[in-house]
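Chemist: Before we start, here is the structure in question, set down as C-alpha cells.
The values are calculated or read from the model by the stated rules, or taken from the named source; none is laboratory data. If you're wondering where the values come from, they're calculated on a predicted model, not measured in any experiment. Cβ placement follows ideal geometry from the backbone for every residue including glycine, while neighbour counts extend to all protein chains displayed. Quick note on the areas: whole protein, heavy atoms, side chains included, nothing else; ligands and nucleic acids left out. Shrake-Rupley method; radii C 1.70, N 1.55, O 1.52, S 1.80 Å.
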Amino acid sequence: NRIKRWRFPLIIVLLFIPFFVVLLVWMRMDATPREIPQYNISVVLYGQSSERWLSFDQGLRQACNDLGITKPVILVSGSEGIQEQMRLIQREIDNGAQGLVVAAANSEEMGAFLDAAAGRLPVVLVETGTNDPENPAISADNQSMGATLAERMHKIEAQKVALVVTNLQRDSVLQRYEGFVAQMEEYGIDITEWDVDASATSLRDYVAST
C-alpha cells in the first residue's frame, strides 16, 4: 500500500525531470554573453565638419543597436573636394573593408570611381547617386523638397527671391534646385541667382560681401 501511495508522485517527478533539465540548459545558454557580429564597413562622408551628419550618425547608431551589430566608424573627408574623399575610400578598400557607405562630394566627377568600387565590394550611396542605377542610393525626394520651398515662397507672396547657388555638382542639390526653379517659374516669381565663390569661407560671409 505504501508503494502504491508513492508511485503516482514518483511518476510525475520522473516525467518533469527532462523538462527541468532542458529548461536549465536553455537558461544557461541564454545567459551566455552573445558575441556581437563584427562587420568591417567604412562610412565616408564629405564636409569639413561632422556636425551636419549628426542626425545621420544617430540613425546609424539606432539601426546598429536594433540589428545587434557593431557601429562602423564614420570618416569625414575634411573638405568639400573629391581628392581627399577618394583617397579615404581607396585606403579603406585597401585595408580590407567589406562594404562602403558614401556621401559623395561630387557625384559627377566621382561617379566612375564609385562605380568601379562597387564592382569590388558592396557600396551604398547616401544623399546622391551615380549614373549606374544598379548602385543603391538612399536619398530624400529632392525634387519635391525644392518644389515645397517654392510653394512656401508663393504662400508668403514673395515677388522676387535671391537664390544662392552652390554645390550643383551633387545630384541631390541639383534636383532640389531644379524642383525649386520649375515651381517658381510656374508661380511667375522672379529669381536672382547668386553663384557662391568656392573661396568663400561661409555663406554668411558671402552674403555680407555681396
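Chemist: Taking only the stretch 66-106 into account, find how many residues are in a strand (DSSP E or B) and either touching a residue at least 60 places away in the same chain (Cβ under 8 Å) or open to solvent by less than 30 Å² (accessible area, probe 1.4 Å) (or both).
Modeler: Result for the stretch 66-106: 4.
Chemist: Any residue at all in the stretch 107-115 that is in a loop (DSSP other than H, G, I, E, B) and open to solvent by less than 20 Å² (accessible area, probe 1.4 Å)? First the steps, then the outcome.
Modeler: Initially, the stretch 107-115 is screened for residues in a loop (DSSP other than H, G, I, E, B), giving 107-110.
If we keep only those that are open to solvent by less than 20 Å² (accessible area, probe 1.4 Å) too, we end up with 107, 110.
Within the stretch 107-115, one or more residues are in a loop (DSSP other than H, G, I, E, B) and open to solvent by less than 20 Å² (accessible area, probe 1.4 Å).
Chemist: Residues in the stretch 116-157 that are assigned to a helix (DSSP H, G or I), open to solvent by less than 20 Å² (accessible area, probe 1.4 Å) and among the polar types (S, T, N, Q): how many?
Modeler: Count: 1.
Chemist: How about the stretch 158-185: which of its residues are outside any helix (DSSP H, G or I) and more than 19 Å from Ile82 (Cβ to Cβ)?
Modeler: Of the stretch 158-185, the ones outside any helix (DSSP H, G or I) are 158-170.
Once the filter is applied, which keeps residues that are outside any helix (DSSP H, G or I) and more than 19 Å from Ile82 (Cβ to Cβ), the stretch 158-185 yields Ala158, Gln159, Lys160, Val161, Ala162, Leu163, Val164, Val165.
Chemist: Moving to a separate point now. Looking only at the stretch 113-146, how many residues end up being within 30 Å of Tyr187 (Cβ to Cβ) and touching a residue at least 40 places away in the same chain (Cβ under 8 Å)?
Modeler: Looking only at that region, the number is 3.
Chemist: Here's something else I'd like to know. Does any residue of the stretch 46-54 turn out to be assigned to a loop (DSSP other than H, G, I, E, B), exposed (fewer than 12 other Cβ atoms within 10 Å of the Cβ) and at pLDDT below 55?
Modeler: no
Chemist: Might you check whether a residue that is in contact (Cβ under 8 Å) with a residue 40 or more places away in the chain and on the phi > 0 side of the Ramachandran plot occurs anywhere in the stretch 147-165? So that I can check it myself, show each step before the final result.
Modeler: Quick first cut of the stretch 147-165, residues in contact (Cβ under 8 Å) with a residue 40 or more places away in the chain only: 164.
From what is left, the residues that are on the phi > 0 side of the Ramachandran plot are none.
No, there is no match, as no residue in the stretch 147-165 is in contact (Cβ under 8 Å) with a residue 40 or more places away in the chain and on the phi > 0 side of the Ramachandran plot.
Chemist: Please go through the stretch 42-64 and give me each residue that is touching a Ser or Thr at 6+ places or on another chain (Cβ under 8 Å) and aromatic (Phe, Trp, Tyr), ordered by number. Can you show your working first?
Modeler: Of the stretch 42-64, the ones touching a Ser or Thr at 6+ places or on another chain (Cβ under 8 Å) are 44-48, 57, 64.
Answer for the stretch 42-64, where residues must be touching a Ser or Thr at 6+ places or on another chain (Cβ under 8 Å) and aromatic (Phe, Trp, Tyr): just Tyr46.
Chemist: Can I ask one more? Would you be able to say whether some residue in the stretch 167-178 is under 18 Å from Lys155 (Cβ atoms), crowded, with 17+ Cβ neighbours inside 10 Å, modelled with pLDDT of 70 or more and in contact with a helix residue (DSSP H, G or I) (Cβ under 6 Å, 6 or more places away or on another chain)? Show your work before the answer.
Modeler: Restricting attention to the stretch 167-178, the residues satisfying the condition of being under 18 Å from Lys155 (Cβ atoms) are none.
The answer is no, given that none of the residues of the stretch 167-178 is under 18 Å from Lys155 (Cβ atoms), crowded, with 17+ Cβ neighbours inside 10 Å, modelled with pLDDT of 70 or more and in contact with a helix residue (DSSP H, G or I) (Cβ under 6 Å, 6 or more places away or on another chain).
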